[in-house]
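The values are calculated or read from the model by the stated rules, or taken from the named source; none is laboratory data. Every value quoted in this text rests on a predicted model; they were computed, and no experiment measured them. Positions of Cβ are generated from backbone atoms using ideal geometry, with glycine treated the same way; all protein chains shown enter the neighbour counts.
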Amino acid sequence: MILTRLSILNYKNIEQADLELSPGINCLIGQNGEGKTNLLDAIYFLSMCKSATTSVDSSCVRHGSEFMMIQGQYEREDGSPEEIYCGLKIGQKKVMRRGKKAYKRLAEHIGLIPVVVVSPSDGELISGGSEERRRFLDIVISQCEPAYIDSLLRYNKALQQRNALLKMEDAEPDPELLSLWEEAMAREGEFIYQRRAHYVEQLIPTFQRYYSTISNGAEEVGLRYVSHCQQGPLLEVIQRDRHKDRAVGYSLHGIHKDELEMTLGGYPIKREGSQGQNKSYLIALKLSQFDFLRRTGSRTTPILLLDDIFDKLDATRVEQIMRLVSGEDFGQIFITDTNRDHLDQILSLVSGQYRLFHVHAGTFNEKQP
């Protein structure tokens, strides 16, 4: 999928922008805080129906404005056009349209235009809690399997209801009602587990290959998915320690506790990795995510957003990354950087067409390569 034109009104610090884009590489150069990341986030919003940086839609509206709008003109691999529109007025629900038709359920849109973003915030995948790593799994699987989103919503509802019963102070919770929500958790949880396990299994060899290329084979990396579902039927696992759950007031077992263990040389990368190794690990992980989406779901090449990713990497690793993403397996790419000389060095490593935009105070001016 190629984004040919992007129009924005009042999105974060971008008052107005209308950009004709390259089907190859699009570069955004400017200092921090000028709007480079906000433009990438607008592209992400058109794919995922939400911002990558905030869960509160209204915070995406430019200060002093009452509404925001993002519109993208796309071209599919067969040449057919797609138009996606997002509009939001303060105090109202956002509207997403494909062509002239508004979505009744936003989940119907997820996966139509797959997107992968690599950004400095990805460091939380290594340093943050397990919820960050579960979110990583959920974002990619949701883009290739719509049923996964619905199952996740049902699981979270059942978990919330069970926890509410466990927190009751005035009386003991109704055991039949507890069983009802536990059965729902187990049913949805096992479906979610199967999809996560399949994804990680598919991901590992591609991830290790990408990391080996980026690092010139300098280190070995690994991934291991850990879940309570591996201890037996999930319903039995949940119900086995119901008395402990009642004592603490929440559910100690379930797929909401799943973990994705990340290793470097057989040890947790959180303890072992340097800044360059961590960044290489995360980039390899996201590129393998890209490869998975390209081969599954809507079977269209995702859009790749690379937000200020080359800092802390040596020249050899930068070169290897650029040679990878400029290959035939990748499509349209957006790159941000603060240093024009640095960006010119990066672009010298690739062939093909690109466009370069200078970003200042939320405005975008195209510069000659």
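Please specify each residue of the stretch 224-250 satisfying the condition of being crowded, with 16+ Cβ neighbours inside 10 Å and in a helix (DSSP H, G or I). Working first, answer last.
Of all residues in the stretch 224-250, those crowded, with 16+ Cβ neighbours inside 10 Å come to 225, 227-229, 234-235, 237-239, 242, 245-246.
Answer for the stretch 224-250, where residues must be crowded, with 16+ Cβ neighbours inside 10 Å and in a helix (DSSP H, G or I): His228, Cys229, Leu234, Leu235, Val237, Ile238, Gln239, Arg242, Asp245, Arg246.
For Gly30, indicate whether it is in contact (Cβ under 8 Å) with a residue 24 or more places away in the chain, surrounded by fewer than 18 Cβ atoms within 10 Å (Cβ to Cβ) and under 15 Å from Ile335 (Cβ atoms).
Working: in contact (Cβ under 8 Å) with a residue 24 or more places away in the chain: yes; surrounded by fewer than 18 Cβ atoms within 10 Å (Cβ to Cβ): no; under 15 Å from Ile335 (Cβ atoms): yes.
Judged against the criteria, Gly30 is not a match.
Name the residues in the stretch 135-157 that are touching a helix residue (DSSP H, G or I) at 6+ places or on another chain (Cβ under 6 Å) and basic (Lys, Arg), would you?
Arg154, the sole residue that qualifies.
Is at least one residue of the stretch 207-225 hydrophobic (A, V, I, L, M, F, W, C), within 19 Å of Ser151 (Cα to Cα) and touching a helix residue (DSSP H, G or I) at 6+ places or on another chain (Cβ under 7 Å)? I'd like the intermediate steps shown before the answer.
Here is the first cut: in the stretch 207-225, the residues hydrophobic (A, V, I, L, M, F, W, C) are 207, 214, 218, 221, 223.
Among the residues that remain, those that are also within 19 Å of Ser151 (Cα to Cα) are: none.
No: the stretch 207-225 contains no residue that is hydrophobic (A, V, I, L, M, F, W, C), within 19 Å of Ser151 (Cα to Cα) and touching a helix residue (DSSP H, G or I) at 6+ places or on another chain (Cβ under 7 Å).
Just a yes or no: is a residue in the stretch 245-253 modelled with pLDDT of 95 or more and in contact with a His (Cβ under 6 Å, 6 or more places away or on another chain)?
yes
Tally up the residues in the stretch 277-313 that are farther than 24 Å from Phe45 by Cα and surrounded by 15 or more Cβ atoms within 10 Å (Cβ to Cβ), please. Step through it out loud before you land on a result.
Let us first name the residues in the stretch 277-313 that are farther than 24 Å from Phe45 by Cα, namely 277-281, 311-313.
Applying the additional criterion that residues be surrounded by 15 or more Cβ atoms within 10 Å (Cβ to Cβ) yields 277-281, 313.
Summing the residues that are farther than 24 Å from Phe45 by Cα and surrounded by 15 or more Cβ atoms within 10 Å (Cβ to Cβ) in the stretch 277-313 gives 6.
Name the single residue, out of those in the stretch 97-111 being surrounded by fewer than 20 Cβ atoms within 10 Å (Cβ to Cβ) and among the hydrophobic types (A, V, I, L, M, F, W, C), that is farthest from Cys49 (Cα to Cα).
Applying the filter and picking the extreme gives Ala102.
Just checking, which of Arg209, Arg187, Arg135 is farther than 16 Å from Tyr250 by Cα and modelled with pLDDT of 95 or more? Spell out the reasoning first.
On the way: Arg209 fails: modelled with pLDDT of 95 or more; Arg135 fails: modelled with pLDDT of 95 or more.
Arg187 is the lone residue from the list that is farther than 16 Å from Tyr250 by Cα and modelled with pLDDT of 95 or more.
Can you give me the number of residues within the stretch 211-226 that are within 21 Å of the chain's Cα centre (by Cα) and either more than 18 Å from Ser274 (Cβ to Cβ) or polar (S, T, N, Q) (or both)?
4
Check Ile192, Ile238 and return the single one that is touching a residue at least 60 places away in the same chain (Cβ under 8 Å) and either at negative phi or in contact with a Pro (Cβ under 9 Å, 6 or more places away or on another chain) (or both).
On the way: Ile238 fails: touching a residue at least 60 places away in the same chain (Cβ under 8 Å).
After applying the criteria, what remains is Ile192.
Specify the residue that is farthest from Asp308 (Cα to Cα); the eligible residues are those in the stretch 33-53 that are touching a Leu at 6+ places or on another chain (Cβ under 6 Å) and surrounded by 21 or more Cβ atoms within 10 Å (Cβ to Cβ).
Leu40
Within the stretch 68-98, can you find the residues that are within 29 Å of Ser22 (Cβ to Cβ) and either among the hydroxyl-bearing types (Ser, Thr, Tyr) or over 25 Å from the mean Cα position of the chain (by Cα) (or both)?
Of everything in the stretch 68-98, those that are within 29 Å of Ser22 (Cβ to Cβ) and either among the hydroxyl-bearing types (Ser, Thr, Tyr) or over 25 Å from the mean Cα position of the chain (by Cα) (or both) turn out to be Tyr74, Asp78, Gly79, Ser80, Tyr85.
Name every residue in the stretch 66-93 that is charged (D, E, K, R) and surrounded by 17 or more Cβ atoms within 10 Å (Cβ to Cβ), in order of residue number. I'd like the intermediate steps shown before the answer.
First, the residues of the stretch 66-93 that are charged (D, E, K, R): 66, 75-78, 82-83, 89, 93.
The one that is charged (D, E, K, R) and surrounded by 17 or more Cβ atoms within 10 Å (Cβ to Cβ): Glu82.
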